Amino acid sequence: MIDLKTLRENPDAVKKSQTARGESADLVDRVIAADEARRAAIVEFERVRAEQNSLSKSVGAAKGDEKTALLEKAKTLAAQVKEADAKKSEAESSARSELMNLSNLIDPAAPVGGEADFKVLEEIGSPRDFDKEGFAPKDHVEIGKALGAIDVERGAKVSGSRFYYLTGVGALLEFALVNYAISSAAKNGFIPVIPPVLVKPAAMEGTGFLGQAAENVFHLEKDDFYLVGTSEVPLAAYHMDEIIDAKKLPLRYSGYSSCFRREAGTYGKDTRGIIRVHQFDKVEMFSFCKPEEAQKEHLRLLEWEKDFLKAMEVPFRVIDVASGDLGSSAARKFDCEAWIPTQNAYREVTSTSNCTEFQARRLNIRMKDEEGTKPIATLNGTLVAIPRMIVAILENHQQQDGTVKVPQALQAFLGTDIFRPVSA
């Protein structure tokens with residue numbers, strides 16, 4: 001949620017941000033109007049209530065006809081106070097509702113444009129030249145089937161399209177990735193967390209996933225629970241309605257969870273394999289920090305993501321995501337994209353977002369130092385999204401004889417340096 005003071009004092013900056021996102025700038029005027037109506041309703045309520053309080057004191061000292069008249073007036077004022085209170089509540093609700101529709105203010109350093117207008121910041125590692133090696137690379141589905149690691153046919157039979165089974169070395173590879181990710185995060189000061197994956201509406205709304213991202217959210221209507229699409233949601237809401245001691249900051253958590261996404265609006269995209277699926281596991285980093293430290297913390301999260309991908313020994317690049325592709329909560333976002341040989345393209349495998357004070361305001365999370373209670377910043381970063389990381393490992397480390405080399409960082413967890421086809 002945007003700071004109302006910023007909105008009142010500099011509405012043009014908010015309109016500029018909305019426009020850069022490809023969203024409505026007119027919403028800014030509606031929010032300001034709703035806020036003015038809210039403040040006017042509060043003033044009117046306080047006026048009538050003050051008159052009621054003053055009258056109450058007069059009633060106690062009055063006698064006879066004067067007291068009777070004052071009591072009649074008190075009844076009228078009580079009705080006016082009740083009506084003013086109802087109007088105040090309605091105005092407050094309306095103003096909050098309008099304000100919640102506004103996306104976060106974009107960092108001026110973020111590129112402006114749509115999905116294709118990102119800026120490449122760096123490329124790390126070089127894609128293999130399979131032609132020089134004398135063979136054509138196989139895709140992850142074919143490799144996974146030969147290794148007995150991925151079963152998309154039975155996943156579809158049991159649950160439908162975009163579901164899969166990880167079996168044998170596929171399942172072991174997931175556990176290795178999770179263990180390496182969690183242990184790496186712990187070394188960097190993150191508290192490991194296994195959070196709930198069913199959350200109440202307040203948690204989902206507070207993190208910004210019931211706006212433009214709502215179409216991709218699974219909602220259990222009977223119980224009014226939401227299945228999370230990332231453990232960012234329960235990690236952000238962990239300190240909901242709390243005041244955190246500033247001396248404890250930064251507070252860093254690494255959450256492991258299953259994640260669920262409808263993938264609405266992606267009909268026909270990545271239907272083969274496990275790149276775009278409805279259910280997957282992920283290790284997510286989440287940080288609460290002082291607002292003035294947020295930009296540095298964002299770069300730290302990015303470095304930890306880069307360290308992880310370097311350890312997986314896959315070529316990747318880092319991009320600065322453009323304004324129209326940020327998502328409502330992020331002021332700035334960096335993606336790490338791994339090279340996928342059979343697609344001859346880089347594909348997102350991790351991302352990290354600086355959400356500034358936006359989520360914390362919505363979730364009513366603050367910090368307290370010697371100067372008093374203040375806003376707090378939140379940041380998130382995917383350390384590993386399992387299916388896409390498995391895709392990158394299998395395709396980049398495949399060998400001509402059908403085997404797949406295991407990245408050195410994972411060998412201790414798997415007890416082997418190579419995966420072999422199950423028929424071999």
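The values are calculated or read from the model by the stated rules, or taken from the named source; none is laboratory data. Keep in mind that this is a model prediction, so the values were computed, not measured. FYI the Cβ positions are ideal-geometry reconstructions off the backbone, even for glycines, and counts take in every protein chain you see.
Return the residues of region 232-270 that are modelled with pLDDT under 95 and surrounded by 13 or more Cβ atoms within 10 Å (Cβ to Cβ); say none if nothing qualifies. Working first, answer last.
From region 232-270, those modelled with pLDDT under 95 are 261-270; that's our starting set.
The answer is R261, R262, E263, T266, D270.
Being closer than 21 Å to G273 by Cα, in the same structural domain as F413 (by TED's automatic domain parsing) and of a type outside the set (V, I, T) is the requirement here; does N354 meet it? Before the answer, list the steps.
Values: closer than 21 Å to G273 by Cα: no; in the same structural domain as F413 (by TED's automatic domain parsing): yes; of a type outside the set (V, I, T): yes.
Judged against the criteria, N354 is not a match.
Of all residues in region 359-398, count the ones that are hydrophobic (A, V, I, L, M, F, W, C) and assigned to a helix (DSSP H, G or I). Can you show your working first?
Quick first cut of region 359-398, residues hydrophobic (A, V, I, L, M, F, W, C) only: 360, 363, 365, 367, 376-377, 379, 383-386, 389-394.
Then drop every residue that is not assigned to a helix (DSSP H, G or I), which leaves 360, 363, 386, 389-394.
Counting residues in region 359-398 that are hydrophobic (A, V, I, L, M, F, W, C) and assigned to a helix (DSSP H, G or I) gives 9.
Can you tell me which residue within region 212-231, out of those that are touching an Asp or Glu at 6+ places or on another chain (Cβ under 9 Å) and surrounded by fewer than 18 Cβ atoms within 10 Å (Cβ to Cβ), is nearest to E357 (Cα to Cα)?
The selected residue is Q212.
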